[in-house]
1. How much net charge surrounds R256 when only other residues with a Cβ under 13 Å from its Cβ are counted (Lys, Arg +1; Asp, Glu -1)?
2. Antiparallel DSSP bridges in the chain: what percent, to the nearest 5?
3. Per DSSP H run of at least 4 residues, take -39500 (n - 2.57); add these up for the chain, divide by its residues and hand me the 222 nm value, nearest 500 deg cm²/dmol.
4. Between the range 255-286 and the range 149-183, how many Å separate their Cα centres?
5. Which whole-number percentage describes the relative contact order of the range 2-109, with Cα contacts under 8 Å and a sequence gap of 6 or more?
6. Sort 218-227, 143-152, 164-173 by packing, meaning the average of other beta carbons within 10 Å per residue, with the highest value first.
7. How many Å³ per residue does the convex hull of the Cα positions in the range 158-275 occupy?
8. Sorting check: for 74-84, 196-206, which peptide has the highest mean count of neighbouring beta carbons within 10 Å, and how do the rest follow?
Amino acid sequence: MLRAAIDVGTNSVLALVAELDEQAGRRQLRVRWEEEVLTRLGEGVAETGFLAPQAVRRTAEAVASLAGHCRKLGAEDIVIAATSAARDAGNFEVFRQAVYERTGLPVRVLSGQEEAYAAFRGARAGHPEVDGSCLVIDVGGGSTELVYGHDEPRSWTSLNIGSVRLKEQWLRHDPFTAEEWTQLCHRIQQALLSALWEMPRPVEVAIGVGGTVTTLAMLEAGLPRYEAQQIHGMPLAARSIEAWASKLAQMTYKERTGLPGVAPLRGDVLPVGAQILAETLRAFGLQSLLVSTFGIRHGLLLE
C-alpha cells in the first residue's frame, strides 16, 4: 500500500509518497515520489503571532496541489502535519480550514516532541548503517530540534532558533551588518547552552536533516539542482559549514540566490540556518555530520 505524508513547515512544504516494507524486523520505506515547495507559511509569525492571509493562501494551495498528486500516484492514506509556525500562530485554524476546504483532509499539528521524534525516525531510517549514539539535528524555519538516541530516540529538545524566526528578529540589512550578525550568533549560542545541559553524551554520529542541510550539501558538491541520491549520506565537515555560513552572511540576497540551487525563499535565511548548524556542531564538539534527505515526512509514515 502506498502512503503519503505532507510536512508543512515554517518555510517549506515537503511531500512524500512511499511504500512501507518490513524486512528482518525492520520497517523500511521505498520512496516513490517526493517534492518540495517553498511557501513560507511562517512569514511574520515571530513578530505578530499570526499567520498572514497571503501566506495561508499560497501554502494551502501548495498543499492541495501536492495532495492531488499523491492521490494520482495511488496513495491510499495521506497524512498532513504542521510544525513550528502552526504551534506559534494564534489563528492556525484559518489555515486548517483552508486546507480542508481544498483537500478534504485534516491537518495535524505536531508538538515539539512529536516533531523531534518524527525527524529522528526519518533520519535513522535513511541511515540504517549508523551504529552507536546519534544526534539528529533538524534546522527548521521556526525551530531547531535536537534528538539523541541509538535505534530509538531517548532525549530531545526543541529550540526557538529557526532560520526564518531569527532572520526576521535580528537581520534587517542587505547585506547583514557585522553588529547584526554578532547579535544573531550570540542568540544561537545562548539557546544551545540549555541544550547542552539537557542532552546526553557522548555523541558518536550527527545526522542533519532539513532544507538548510541539503542546500549546503548541494553547494559543497557543486550541484545546480536537488539530487537526493547525490547528497544523501554525504559527510559535511564542521569547518565547511562554518566557512559557508561566513561566506553567505557577507553576500547580498541577490548574490546568494545567484548561487546554483539556492531558491529565492531559501536565499535570505540560508546563512542563518548554516550558522545554527555550525554553532550546534561546535557546542557538541562534533567535527562533521551526515546529510540526510529523509526527515519528518518519512518519520510520520513510520509511526
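1. On the way: positive: K167, K247, K254, R266; negative: D174, E255, D268.
Net local charge, R256 excluded: +1.
2. Values: 34 of 50 bridges.
Here the antiparallel bridges make up roughly 70 percent for the chain.
3. Details: 14 runs with 141 residues, N = 303.
Counting only the DSSP helices, I get -13500 deg cm²/dmol.
4. A separation of 10 Å, based on Cα centres.
5. Details: 216 pairs, mean separation 32.6, N = 108.
Taking the mean separation of contacting Cα pairs over the length of the range 2-109, I get 30 percent.
6. Working: 218-227: 14.7, 143-152: 21.6, 164-173: 19.6.
The densest-packed peptide leads the list: 143-152, 164-173, 218-227.
7. Values: hull volume 12.7 nm³, N = 118.
Convex hull of Cα atoms, per residue: 107 Å³.
8. Working: 74-84: 20.3, 196-206: 13.7.
Taking the mean over residues of other Cβ atoms within 10 Å, the ranking is 74-84, 196-206.
Computed from the coordinates by the stated procedures, all read-outs in this text should not be read as laboratory data. Bear in mind the structure is a predicted one, so any value in this text is a computation, not a measurement. A quick note on method: Cβ atoms are made from the backbone with ideal geometry, for glycine too, and the neighbour counts reach across all protein chains shown.
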